[in-house]
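The values are calculated or read from the model by the stated rules, or taken from the named source; none is laboratory data. Quick caveat: nothing in here was measured; it's all calculated off a predicted structure. Cβ sites come from the backbone with ideal geometry, for glycine too, and all protein chains shown count toward neighbours.
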Amino acid sequence: MFSNSNKFWNWLIVSSEDPTKVAATVKGAMGVLVVLLSLHFHGASFADLPDQVYTVVVDAFGVFSSIVALAGLVRKLINSFYPATP
């Protein structure tokens with residue numbers, strides 16, 4: 001049942017441009033996770049900031065992280081179907 005799961009996780013996590021690095025998809029997803037956690041817990045360290053500034057900063061980070069994740073996924077799919085020739 002899980003015979004191809006290791007292959008899938010390796011494909012998802014390893015960069016398609018440089019196999020020694022972590023994929024941009026994962027980096028972007030981690031950024032999105034940070035934004036979601038900060039929105040969920042809204043810790044005391046953000047209590048000193050005005051609500052509008054906090055919202056702008058979190059939204060900007062979320063948009064940037066989403067773009068990185070999407071760009072990484074698109075690049076990974078392109079490199080998977082059309083690998084570069086040496």
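Would it be correct to say that residue 55 is in a helix (DSSP H, G or I), surrounded by 10 or more Cβ atoms within 10 Å (Cβ to Cβ) and either small (Gly, Ala, Ser) or at pLDDT below 80 (or both)? I'd like the intermediate steps shown before the answer.
On the way: in a helix (DSSP H, G or I): yes; surrounded by 10 or more Cβ atoms within 10 Å (Cβ to Cβ): yes; either small (Gly, Ala, Ser) or at pLDDT below 80 (or both): yes.
Spelling it out, residue 55 is indeed in a helix (DSSP H, G or I), surrounded by 10 or more Cβ atoms within 10 Å (Cβ to Cβ) and either small (Gly, Ala, Ser) or at pLDDT below 80 (or both).
Considering only residues that are touching a residue at least 12 places away in the same chain (Cβ under 8 Å) and not hydrophobic (A, V, I, L, M, F, W, C), look in region 58-86 and name the one that is surrounded by the fewest Cβ atoms within 10 Å (Cβ to Cβ).
80
Any idea which of (1) out of contact with any Lys or Arg (no Cβ under 9 Å at 6 or more places or on another chain); (2) small (Gly, Ala, Ser); (3) farther than 22 Å from residue 8 by Cα; (4) modelled with pLDDT of 85 or more is the one residue 44 doesn't satisfy?
Residue 44 satisfies every listed condition except (4).
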